[in-house]
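Input: a single structure, listed below in structure tokens.
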Amino acid sequence: METFLILNGIEIDASIDEQEQVILRLAAGQLERESFTEWLKKHIKPV
């Protein structure tokens, strides 16, 4: 996902630790897709 974003001129604006925690919660089923989408929208910026 990060590679796709970077290739399209966008990067995630969050610490590596925060990104890792979000992805782990998503993978464990502790974070719904809609919540992840909202988090991502709040944490992206143009390169």
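No lab work stands behind these numbers, since they all come straight from the coordinates. Computed from a predicted model, the values in this text were never measured in an experiment. FYI the Cβ positions are ideal-geometry reconstructions off the backbone, even for glycines, and counts take in every protein chain you see.
What does the net charge come to around residue 2 if you take all other residues with beta carbon closer than 14 Å to its beta carbon, with K and R at +1 and D and E at -1?
-3
When only alpha-carbon atoms are used, what values of Rg and Dmax, in angstrom, describe the chain?
10.7, 30
Taking the Cα atoms only, what angle lies between the long axis of helix 33-42 and the longest principal axis of the chain, rounded to 10 degrees?
For 33-42 against the chain, the angle is about 40 degrees.
Net charge near residue 43, counting Lys/Arg +1 and Asp/Glu -1 over other residues with Cβ under 9 Å of its Cβ?
+1
Using alpha carbons only, how many degrees (0 to 90, rounded to 10) separate the axis of helix 16-27 from the longest principal axis of the chain?
Tilt relative to the chain: about 50 degrees.
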